[in-house]
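Visitor: Below: one structure in structure tokens.
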Amino acid sequence: MSILSEARYENKILKPSRELPLREGESVMIKIKRPVVDQMYGLFSTDEKTADAIISMEGWD
């Protein structure tokens, strides 16, 4: 069985955003996948005017 759920890491504990259909004490394997924006943070720099132009482009929804 495979379950996909977002989770938040707080105080050294990974907390799922929803209740999971697991038994108490059950062991699972997890795969960590960060959002693309987090993966790209700091990869390039630009001035404020260019950044505003990029953000205002269509297709970001």
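The values are calculated or read from the model by the stated rules, or taken from the named source; none is laboratory data. Predicted, not measured: the structure shown is a model, and the values here were computed from it. Positions of Cβ are backbone-derived with ideal geometry, glycine not excepted, and every protein chain shown enters the neighbour counts.
Visitor: When residues of segment 16-61 are filtered for being of a type in the set (Asp, Glu) and within 30 Å of Ser2 (Cα to Cα), how many remain?
Guide: 5
Visitor: How many of the residues making up segment 27-61 are more than 22 Å from the chain's Cα centre (by Cα), part of a loop (DSSP other than H, G, I, E, B) and either of a type outside the set (Asp, Glu) or modelled with pLDDT of 95 or more (or both)?
Guide: Summing the residues that are more than 22 Å from the chain's Cα centre (by Cα), part of a loop (DSSP other than H, G, I, E, B) and either of a type outside the set (Asp, Glu) or modelled with pLDDT of 95 or more (or both) in segment 27-61 gives 4.
Visitor: With Pro21, Pro16, Pro35 as the choices, which residue is in contact with an Asp or Glu (Cβ under 8 Å, 6 or more places away or on another chain) and either without any contact (Cβ under 8 Å) to a residue 12 or more places away in the chain or of a type outside the set (Ser, Thr, Tyr) (or both)?
Guide: Pro16
Visitor: State all residues of segment 7-26 that are in a loop (DSSP other than H, G, I, E, B) and surrounded by 10 or more Cβ atoms within 10 Å (Cβ to Cβ); if no residue qualifies, say none.
Guide: Within segment 7-26, Leu20, Leu22 qualify.
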